[in-house]
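The next block holds one structure in the form of structure tokens; read it before the comments.
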């Protein structure tokens with residue numbers, strides 16, 4: 001905005017679901033300490049939380065409830081008019097099948113002992129539509145040996161963002177993560193976030209397949 005004025009960005013609305021009150025209290029304090037975040041509420045399960053929210057829809061859900069062990073998370077996402085993003089704190093963040101059990105597309109999967117700064121960064125990342133994965137999960141996804149979210153043959157592909165197309169074009173040119181980060185003036189982690197999103201949207205399991213699918217669907221030309 002001109003005349004030296006700045007645009008105020010609305011705080012990200014965050015809710016917490018955790019089995020223990022100590023964990024809920026700790027996560028609430030973490031959210032409330034960050035001016036970019038707004039704490040909406042917390043509960044031990046999603047059904048209780050929905051009742052407490054009185055119709056308010058969060059941007060991000062932070063939880064330590066295992067998605068495959070409870071229907072609570074699915075309940076919250078089914079009752080929400082929007083699609084919140086998810087930050088999952090897990091004792092086994094690299095377990096097989098964990099991605100397929102998650103109800104959200106933009107997710108972060110972190111170890112339960114993740115640092116406060118890592119949790120906050122993950123909240124901001126998933127709110128921007130990115131995914132945050134542990135190195136083990138990312139490595140399995142890139143190698144095609146981990147849980148896969150490939151598109152079925154008749155399922156339409158989700159459009160890539162302009163930045164994702166830039167990253168995909170650089171993949172086609174044979175650039176590595178560090179070179180992509182250098183050329184786009186972004187961090188290596190941000191490149192990984194973009195790659196994860198690209199692979200998820202295209203249903204690709206590795207870099208070569210992502211380039212081939214990107215060409216096939218007209219996102220890039222080589």
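The values are calculated or read from the model by the stated rules, or taken from the named source; none is laboratory data. Worth saying up front: this structure is predicted, and the values here are computed from it rather than measured. Every residue, glycine among them, receives a Cβ derived from its backbone with ideal geometry; neighbour counts consider all protein chains shown.
Here is how the numbers come out for the structure above:
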item: Count of residues meeting criterion [touching a helix residue (DSSP H, G or I) at 6+ places or on another chain (Cβ under 7 Å) and without any contact (Cβ under 8 Å) to a residue 60 or more places away in the chain] in the range 204-219; result: 6
item: Residue ranges of helices (runs of 4 or more DSSP H) in the range 107-222 with at least 2 members buried (at least 20 other Cβ atoms within 10 Å of the Cβ) and modelled with pLDDT under 80; result: 135-143
item: So residue 68, is it in the same structural domain as residue 113 (by TED's automatic domain parsing), part of a helix (DSSP H, G or I), farther than 18 Å from residue 110 by Cα and at pLDDT below 60; result: no
item: Residue match in the range 43-58 (condition: more than 21 Å from residue 193 (Cβ to Cβ), part of a strand (DSSP E or B) and either modelled with pLDDT of 85 or more or outside the structural domain of residue 17 (by TED's automatic domain parsing) (or both)); result: yes
